[in-house]
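Beneath this line is the structure, given in structure tokens, with notes to follow.
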Amino acid sequence: EHPLRRSVQIRQSDRIKAPLTYGVFRPVILFPKKTDWTDETKLPYILTHEFTHIRRFDTLAKLVLTAAVCVHWFNPFVWAMYVLVNRDIELSCDETVVRTFGETMKSAYALTLIGLEEEKNRHTFLVNSFGKNAIEERIVSIMKIKKTSLMGILLALTLAIGMVTVFATDYADSASDKEPVGAFESNTSLSDEEIAKQEQERREEIAKQYSVYSKYGLTYDQGEGRFLYNGQLVRYFADKLDENGTYNSFSYTTGDTDLRGVRNAEYELMGIEPVSQEEYDQRTARIRASKDSSGVQESGRAVSTNTNPAAVEAGDPDKDTSGVTGAAQES
């Protein structure tokens, strides 16, 4: 059976000596005028061979090869390509015929090809054989075709699976070899370094932001991450920058002094002054009350920011958020 979407015509001609196929979209199988149509042994082989050419569009491939030879007629490599590709096309079709009819029919098919070769008396580009040497090669190839056994298929599958497994294992092993010992520790170390770098950058930004206050005695120790005022640790600082309620402020849970920025009516910085002792004590009481209610132990390292002007003014730890503010903006 040869299912095809294209209709195939079978014709005869007294100008050829061996069957051939031509046409791409409307293929035609052309037989010699003297073909013996009663020979039920040869005809099935010939038709199967030609149908195989049609299914594979071998006629189109041969036309392309012929065009290449016409253009590059001076190139011996193109001629070699023409001969070798045509040979491979014929050998492939021969193998298909043998596998279609069974390995036991190899001899009968080979005898059919020999009979066709004997009837030919000249070479034509479109015929499906290439002379004595070509037909001998085809016969030898046909007789070497062997049926693929179930055992052979299983062996091939086993070999393929084994190779895939080996390569996959080797790849996994090589990937493991490339993984450094203590990789998790290394990744953790890199993460710590990144955190330390970010912290250093943050402290540099804070130092730059509050450098305007250095001439008034407020400095930032980047190594300790704390503010100092005349040698004392600063617990709280607030400086109102404009009438919109924008602040520079920070607060810690521990420290020796609380400060406030001093500005004139135009909000020009005039200096820094400590808050009153009463205000300092009130803030201390609020911090302790907040710790007692939350159960947080005094660390002396907590820094907080505030965007609530009222909380900034009061230094209320319950309303602060973590960090040092760049500018606390009234909402």
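At a glance:
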quantity: Qualifying position, being modelled with pLDDT under 85, surrounded by fewer than 17 Cβ atoms within 10 Å (Cβ to Cβ) and either of a type in the set (D, E, K, R) or under 26 Å from VAL28 (Cβ atoms) (or both), among LEU116, LEU126; calculated: LEU126
quantity: For ARG301: the one exception among (1) modelled with pLDDT of 55 or more; (2) loosely packed, with under 14 Cβ neighbours inside 10 Å; (3) among the basic types (Lys, Arg); calculated: (1)
quantity: Among the candidates PHE25, PHE51, PHE31, residue that is among the hydrophobic types (A, V, I, L, M, F, W, C), within 22 Å of PHE101 (Cα to Cα) and not in a helix (DSSP H, G or I); calculated: PHE31
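Condition check ((1) surrounded by 17 or more Cβ atoms within 10 Å (Cβ to Cβ); (2) in contact with a Ser or Thr (Cβ under 6 Å, 6 or more places away or on another chain); (3) outside any helix (DSSP H, G or I); (4) among the hydrophobic types (A, V, I, L, M, F, W, C)) across all residues:
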residue: GLU199; (1), (2), (3), (4): no, no, no, no
residue: THR219; (1), (2), (3), (4): yes, no, yes, no
residue: ALA238; (1), (2), (3), (4): yes, yes, yes, yes
residue: GLY261; (1), (2), (3), (4): yes, no, yes, no
residue: TYR267; (1), (2), (3), (4): no, no, yes, no
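The values are calculated or read from the model by the stated rules, or taken from the named source; none is laboratory data. All of these numbers come straight from a predicted model, not from anything done at the bench. Here Cβ is always computed from backbone atoms with ideal geometry, including for glycine, and neighbour counts include all displayed protein chains.
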